[in-house]
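Below is one structure; the comments refer to it alone.
The values are calculated or read from the model by the stated rules, or taken from the named source; none is laboratory data. Being a predicted model, the structure only gives us computed values, none of them experimental. Note that we place each Cβ from the backbone using ideal geometry, even for glycine, and neighbour counts take in every protein chain shown.
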Amino acid sequence: MDDVRRFVTLDDFEPEAVAVVIPYARLFSGRPGGIDHTKRLVRHLAERHGVVPQALPDVRLTADQLRGVKLAIVPAPEMLDEPAAAALLAASRAGTKVLVTGPVEGDSYGRETPSLRALGLLGEGRPVALRETTAWGALPGKAEWVTFENLAQHWLRRGTKASPATLAGSVWHEPLPLDFAREAAPLEALVAAALKAAGVATHPDDGAVATRVMVAPKAVLVVCVNEGPAAVRRRVVVEGQPVAIPVEAFRSRLALFEKGTARLLAATPGETIGR
């Protein structure tokens with residue numbers, strides 16, 4: 001452990017490049033569905049892409065919290081109060097990419113605010129249909145069906161404008177609340193495209209193992225959590241080198257690597273970590 005302490009302290013890690021803005025204003029307004037869709041998004045980012053985002057409440061969002069963030073995702077908020085919209089606007093002008101899903105019809109009182117207008121998010125919404133078409137699917141450029149169940153068509157709304165053909169500029173607005181859809185492929189396609197366009201380093205893998213890669217000046221700490229019933233080898237890239245980390249069912253695994261060389265310094269008990 002003395003050798004390991006030379007490489008890293010807990011306050012050295014770089015901040016996360018992705019933030020998810022939790023729509024508490026939607027929750028506090030009593031809208032059905034609560035914020036369950038944000039949990040799905042966070043799990044998807046952690047398991048599929050190896051990215052654990054910051055979770056920031058919209059009701060207390062500031063521009064300082066978004067400083068240095070490459071991608072801010074606002075999942076199906078339906079409403080954004082002026083302070084949150086102003087923080088997102090300032091961040092977008094400072095280089096942060098902003099991705100919003102679903103319609104935004106105003107603030108908590110239905111008012112159109114200056115920052116919402118400047119962001120280009122304002123627009124009428126309409127109830128979603130049981131089945132909608134989306135350009136975000138397994139095959140790029142091919143429209144696919146997406147399904148909204150649990151009587152969502154009675155309480156969930158969608159925007160009326162078209163989906164963005166490409167993720168250009170600094171603010172991206174997908175009119176469908178894909179976070180609530182039954183199918184995972186459209187949300188996966190949208191998130192993957194947003195991460196790539198924002199220049200976020202990812203560690204994609206098909207296994208359901210939540211993974212976080214924490215970078216410090218002298219070391220890289222990889223944290224893996226397997227909530228599934230089978231052992232999995234989670235693949236990540238450390239300092240440009242592929243690494244396979246075995247994780248037992250319902251267990252977690254930590255591995256510490258030297259910065260620059262990707263040499264394994266220490267790991268919690270488990271099968272041998274390989275390349």
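Among the residues of segment 170-192, are any without any contact (Cβ under 8 Å) to a residue 12 or more places away in the chain and either in a strand (DSSP E or B) or in contact with a Leu (Cβ under 9 Å, 6 or more places away or on another chain) (or both)?
No: zero hits.
Return the residues of segment 144-167 that are among the polar types (S, T, N, Q), in a loop (DSSP other than H, G, I, E, B) and either touching a residue at least 12 places away in the same chain (Cβ under 8 Å) or within 17 Å of A184 (Cβ to Cβ) (or both); say none if nothing qualifies.
N150, T160, S163
Can you go through V209, V191 and tell me which one is in the same structural domain as L116 (by TED's automatic domain parsing), under 28 Å from W145 (Cα atoms) and not small (G, A, S)?
V191
If you scan segment 191-209, which residues turn out to be more than 27 Å from F250 (Cα to Cα) and buried (at least 16 other Cβ atoms within 10 Å of the Cβ)?
Result: A193, A194, L195, A197, A198, V200.
Tally the residues that are aliphatic (A, V, I, L, M) and surrounded by 18 or more Cβ atoms within 10 Å (Cβ to Cβ), restricting the search to segment 155-166.
1
Which condition number in (1) closer than 23 Å to A216 by Cα; (2) in a strand (DSSP E or B) is the one that R233 fails?
So R233 meets the others, but not (1).
What do you reckon, is T134 in contact with a Leu (Cβ under 6 Å, 6 or more places away or on another chain), on the phi < 0 side of the Ramachandran plot, of a type in the set (S, T, N, Q) and crowded, with 19+ Cβ neighbours inside 10 Å?
yes
Do you know which of the residues in segment 13-44 that are among the basic types (K, R) and assigned to a helix (DSSP H, G or I) is surrounded by the most Cβ atoms within 10 Å (Cβ to Cβ)?
Ranking the candidates gives R26 first.
When residues of segment 208-224 are filtered for being touching a residue at least 40 places away in the same chain (Cβ under 8 Å) and under 17 Å from E14 (Cα atoms), how many remain?
Total satisfying the criteria: 11.
For (1) outside the structural domain of L45 (by TED's automatic domain parsing); (2) loosely packed, with under 14 Cβ neighbours inside 10 Å; (3) hydrophobic (A, V, I, L, M, F, W, C); (4) touching a residue at least 60 places away in the same chain (Cβ under 8 Å), each residue gets a yes or a no:
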{"residue": "N226", "(1), (2), (3), (4)": "yes, no, no, no"}
{"residue": "P229", "(1), (2), (3), (4)": "yes, yes, no, no"}
{"residue": "E239", "(1), (2), (3), (4)": "yes, no, no, no"}
{"residue": "V243", "(1), (2), (3), (4)": "yes, no, yes, no"}
{"residue": "P246", "(1), (2), (3), (4)": "yes, no, no, no"}
{"residue": "F250", "(1), (2), (3), (4)": "yes, yes, yes, no"}
{"residue": "R253", "(1), (2), (3), (4)": "yes, no, no, no"}
{"residue": "L256", "(1), (2), (3), (4)": "yes, no, yes, yes"}
{"residue": "G260", "(1), (2), (3), (4)": "yes, yes, no, no"}
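Would you be able to say whether some residue in segment 52-67 is under 15 Å from the mean Cα position of the chain (by Cα) and either of a type in the set (S, T, Y) or not assigned by TED's automatic domain parsing to the domain that holds A189 (or both)?
no
Given (1) of a type in the set (D, E); (2) within 15 Å of G50 (Cα to Cα); (3) without any contact (Cβ under 8 Å) to a residue 60 or more places away in the chain, identify the lone condition not met by D205.
Among (1) of a type in the set (D, E); (2) within 15 Å of G50 (Cα to Cα); (3) without any contact (Cβ under 8 Å) to a residue 60 or more places away in the chain, the lone unmet condition for D205 is (3).
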